[in-house]
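Everything below concerns the one structure shown next.
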Amino acid sequence: MYGDPRVFLSSLPQQSVLHSSAVWSCREKGSLLSLTHIVEQNDGKENFPLLWRFLQKEAEFRLVRFLPDMLALQRKLVKKFQNLPDLCSGTIRDFIDKQSSASQKSWYEKRIHIFLSSWNQLRTSLATYEVNVPEDYCSVDLDEGSELQVLVPRRQGPGLCATALLSYLVSLHNQLGIPTLVSRQDRNYENIFKDIREKVAQEPLTSLSSSALVTELPSLSDVCESLAAVEVTLGFLSMTGEDENMPLEKYLEEKLQMGSHTAPHILKTLGRCCLKHCVALWQLLTSLKSEHMLRLKRDPFSGIPAEYQHALGEEEKNLLTAFLSKSSVDTWVLEMHEFLLLKLKSQRASDTFRPDWSLKDTLASYMERKNLDVPLDVEEAFPDQIQLSQLVETWKLTVTHKQQR
């Protein structure tokens, strides 16, 4: 309503503030489109970069809110099929119909529909994304008739759909002022551990605690679920810190609100540890995971360059077996494994760690830089002939010998 209000509101005092036309005028309804125009007219890309970026991909950013549901779905599917990959077959509808209870069926249906809807909205963007999804998948919508394998993240084949979709949503999340999410496999744990030690003092696990954890996590799925919880904890601790004596179970339930997403027996087992044990716990659980994979005839070191996977000769095998038969190697096994994960995963690792170096000397130096004592048995009797190029096979033989004792 525009014009002079005094003309049609003659009953009001002439000097009333209500006679201002601004009181009666109708403002244009705000919208993202009008905001976009205002930002563009005011050189928003330079002056308001975060807002400008959001407005350019507003429709895609809306899907970021579904990340927790999709992560929960993938965690459950990976756990279900990691030891039985051959069962991951048939269509999505077949899988839903096979669920034994109505609650399970409803749980899967909700999150699968979220996944499918998000994929269908983002597939054109995913066609040019850094994860190379086969063109056949990016060119069509997915539905319940699609093969189940598209839901289970893999590094090749149909599972690339799940890998690419989650990676893309995480990258969208990280483009805002939101704490950065990184794929657990791609994290630089050396830097994370450094940040944590500056905020939360760390201690090793006791032998009793380590033994109890090994006993209470008898399967690969148990170890993987525990490791996932620990890795989420490490990510937050590296940014925020916390009381080092807080029980890990309490931190997961009260601070991270993960109690409903973690199995009760896993929470109980992790409750043996405090936040000051998190780095040592990661070291133990990653090694346990690889030990379980080795027992299941799966390769835990597929990402390690071939330069460090050379076979042991007969003489070296005999010398190593003799050493293992009379030595305690629990600490040495953990340090070998950690060195593999933290130092040798890069395809250019050999530029820093030459494969022809002595394994014993290299690992001893690594432990000393961490202010750890090299086990006396290792210093006195570990075979000097074994090279860094044989680290993977040395670890495998050591673990196999330990399992057979």
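The values are calculated or read from the model by the stated rules, or taken from the named source; none is laboratory data. These figures come from a predicted structure and were not determined experimentally. Note: ideal-geometry Cβ built from the backbone for every residue, glycine included; neighbour counts use all protein chains shown. With ligands, DNA and RNA removed, areas are computed over all heavy atoms of the protein, side chains included. Shrake-Rupley method; radii C 1.70, N 1.55, O 1.52, S 1.80 Å.
Rundown of residues vs (1) closer than 29 Å to residue 115 by Cβ; (2) over 18 Å from the mean Cα position of the chain (by Cα); (3) at pLDDT 90 or above; (4) not acidic (Asp, Glu), yes/no style:
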{"residue": "158", "(1), (2), (3), (4)": "yes, yes, no, yes"}
{"residue": "166", "(1), (2), (3), (4)": "yes, no, no, yes"}
{"residue": "172", "(1), (2), (3), (4)": "yes, no, no, yes"}
{"residue": "176", "(1), (2), (3), (4)": "yes, yes, no, yes"}
{"residue": "185", "(1), (2), (3), (4)": "yes, no, no, yes"}
{"residue": "188", "(1), (2), (3), (4)": "yes, no, no, yes"}
{"residue": "191", "(1), (2), (3), (4)": "no, no, no, yes"}
{"residue": "203", "(1), (2), (3), (4)": "no, yes, yes, no"}
{"residue": "206", "(1), (2), (3), (4)": "no, yes, yes, yes"}
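Of all residues in region 241-278, those that are outside any loop (DSSP other than H, G, I, E, B), surrounded by 15 or more Cβ atoms within 10 Å (Cβ to Cβ) and acidic (Asp, Glu) total 2. Within region 97-106, the presence of a residue that is part of a helix (DSSP H, G or I) and crowded, with 16+ Cβ neighbours inside 10 Å is excluded. Scanning region 356-370 turns up one or more residues that are assigned to a strand (DSSP E or B) and without any contact (Cβ under 8 Å) to a residue 40 or more places away in the chain.
Among all residues of region 273-291, there is none that is under 18 Å from residue 208 (Cβ atoms), among the polar types (S, T, N, Q) and modelled with pLDDT under 95.
Take region 284-300 and flag every residue that is part of a loop (DSSP other than H, G, I, E, B) and surrounded by 15 or more Cβ atoms within 10 Å (Cβ to Cβ).
Of everything in region 284-300, just one residue is part of a loop (DSSP other than H, G, I, E, B) and surrounded by 15 or more Cβ atoms within 10 Å (Cβ to Cβ), namely 300.
When residue 281 is tested against the conditions (1) touching a Cys at 6+ places or on another chain (Cβ under 6 Å); (2) open to solvent by 70 Å² or more (accessible area, probe 1.4 Å), the lone failure is (2).
Annotation: residue 233 fulfils all but one of (1) modelled with pLDDT of 90 or more; (2) within 21 Å of residue 341 (Cα to Cα); (3) β-branched (Val, Ile, Thr); (4) out of contact with any Phe, Trp or Tyr (no Cβ under 8 Å at 6 or more places or on another chain); the unmet one is (4).
Every condition in (1) under 22 Å from residue 154 (Cα atoms); (2) open to solvent by 20 Å² or more (accessible area, probe 1.4 Å); (3) at pLDDT 90 or above; (4) of a type outside the set (Lys, Arg) is met by residue 303 except one, and the failing one is (3).
Tally time: how many residues in region 318-347 are over 30 Å from residue 187 (Cβ atoms) and part of a helix (DSSP H, G or I)?
Restricting attention to region 318-347, the residues satisfying the condition of being over 30 Å from residue 187 (Cβ atoms) are 318-328.
The next check asks that each one be part of a helix (DSSP H, G or I); those that pass are 318-325.
The total comes to 8.
Among the residues of region 124-133, is there at least one that is open to solvent by 20 Å² or more (accessible area, probe 1.4 Å), aliphatic (A, V, I, L, M) and not in a helix (DSSP H, G or I)?
As a first pass, look at region 124-133 and keep what is open to solvent by 20 Å² or more (accessible area, probe 1.4 Å): 124-125, 127-132.
From what's left, aliphatic (A, V, I, L, M): 127, 131.
Add one more test, that the residue is not in a helix (DSSP H, G or I), and what stays is 127, 131.
Yes: one or more hits.
Residues in region 371-395 that are in contact (Cβ under 8 Å) with a residue 24 or more places away in the chain and assigned to a loop (DSSP other than H, G, I, E, B): 372, 375, 382, 383, 384, 385, 386. In the condition set (1) in contact with a Leu (Cβ under 8 Å, 6 or more places away or on another chain); (2) small (Gly, Ala, Ser); (3) over 19 Å from residue 67 (Cα atoms), residue 164 is compliant with all but (3). Would region 77-86 turn up any residue that is open to solvent by 60 Å² or more (accessible area, probe 1.4 Å), in a loop (DSSP other than H, G, I, E, B) and under 25 Å from residue 266 (Cα atoms)? Yes, some residue in region 77-86 is open to solvent by 60 Å² or more (accessible area, probe 1.4 Å), in a loop (DSSP other than H, G, I, E, B) and under 25 Å from residue 266 (Cα atoms). Considering the conditions (1) of a type in the set (A, V, I, L, M); (2) farther than 30 Å from residue 216 by Cα; (3) touching a Phe, Trp or Tyr at 6+ places or on another chain (Cβ under 6 Å), residue 364 is excluded by exactly one of them, (3). Which of the following residues is under 25 Å from the mean Cα position of the chain (by Cα) and of a type in the set (Ser, Thr, Tyr): 308, 251? Result: 251 is the single residue among 308, 251 that is under 25 Å from the mean Cα position of the chain (by Cα) and of a type in the set (Ser, Thr, Tyr). Considering 33, 71, the condition of being open to solvent by less than 80 Å² (accessible area, probe 1.4 Å) and either at pLDDT 75 or above or not aromatic (Phe, Trp, Tyr) (or both) is satisfied by 71 alone. Within region 209-230, is there a residue that is part of a helix (DSSP H, G or I), surrounded by fewer than 12 Cβ atoms within 10 Å (Cβ to Cβ) and at pLDDT 85 or above? Within region 209-230 (the criterion being part of a helix (DSSP H, G or I), surrounded by fewer than 12 Cβ atoms within 10 Å (Cβ to Cβ) and at pLDDT 85 or above), the answer is yes, since at least one residue qualifies.
Rundown of residues vs (1) modelled with pLDDT under 85; (2) within 18 Å of residue 87 (Cα to Cα); (3) touching a Leu at 6+ places or on another chain (Cβ under 7 Å), yes/no style:
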{"residue": "111", "(1), (2), (3)": "no, no, yes"}
{"residue": "121", "(1), (2), (3)": "no, no, yes"}
{"residue": "131", "(1), (2), (3)": "yes, no, yes"}
{"residue": "142", "(1), (2), (3)": "no, no, yes"}
{"residue": "149", "(1), (2), (3)": "no, yes, no"}
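For region 274-291, what are the residues that are more than 25 Å from residue 402 (Cα to Cα) and either in contact (Cβ under 8 Å) with a residue 60 or more places away in the chain or aliphatic (A, V, I, L, M) (or both)? Result: 275, 276. Quick check on my filter: what residues within region 325-354 are among the polar types (S, T, N, Q) and touching a helix residue (DSSP H, G or I) at 6+ places or on another chain (Cβ under 6 Å)? Result: 327, 350.
Could we say that residue 312 is assigned to a helix (DSSP H, G or I) and out of contact with any strand residue (DSSP E or B) (no Cβ under 9 Å at 6 or more places or on another chain) here? So residue 312 fails the test.
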